[in-house]
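Beneath this line is the structure, given in structure tokens, with notes to follow.
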Amino acid sequence: MRIPKSRRIPGQSPRPVHFRYSASGRVFAETAELHRIIIEELNRSLFKPEAVSYHQRVIARLKDEGCEAVVLACTEIPLIINDANSALPTLDSTRLLAGAALRRTVSGGTVR
């Protein structure tokens with residue numbers, strides 16, 4: 001899938017997007033709200049129930065569309081979402097990376 005130039009992040013290589021853009025703009029609106037929550041709330045240690053429920057609604061929609069798991073690829077999202085309150089299994093990228101670094105270090109490998 002090619003990403004239109006208008007959707008690319010300056011300075012980064014284009015990467016495939018793993019969700020469909022909705023003609024109605026729903027996905028754009030969801031993405032904008034998720035970013036707003038991260039920047040305006042979670043980065044400021046504001047943990048509102050509304051933010052949790054919004055993430056839960058987005059995850060539930062993804063489940064309804066056939067998604068099998070959700071990647072928490074932002075370090076702030078696991079502060080409010082986890083396996084206990086998500087409709088889908090969660091993959092916390094920070095924990096996964098830390099675990100891989102620890103395993104590599106303990107096994108005598110080096111972390112670059």
- Normalise the Debye intensity by I(0) for segment 16-106, one equal point scatterer per Cα, no solvent, then take log10 at q = 0.23, 0.25 Å⁻¹ and round to two decimals. -1.27, -1.39
- Note on the structure: Mean separation of Cα contacts under 8 Å (at least 6 apart) over the residue count of segment 16-106, i.e. the relative contact order in percent, is 23
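Since every read-out is calculated from the coordinates, none of them should be taken as a lab result. Only a predicted model underlies this, so the values are computations on that prediction, with no experimental measurement involved.
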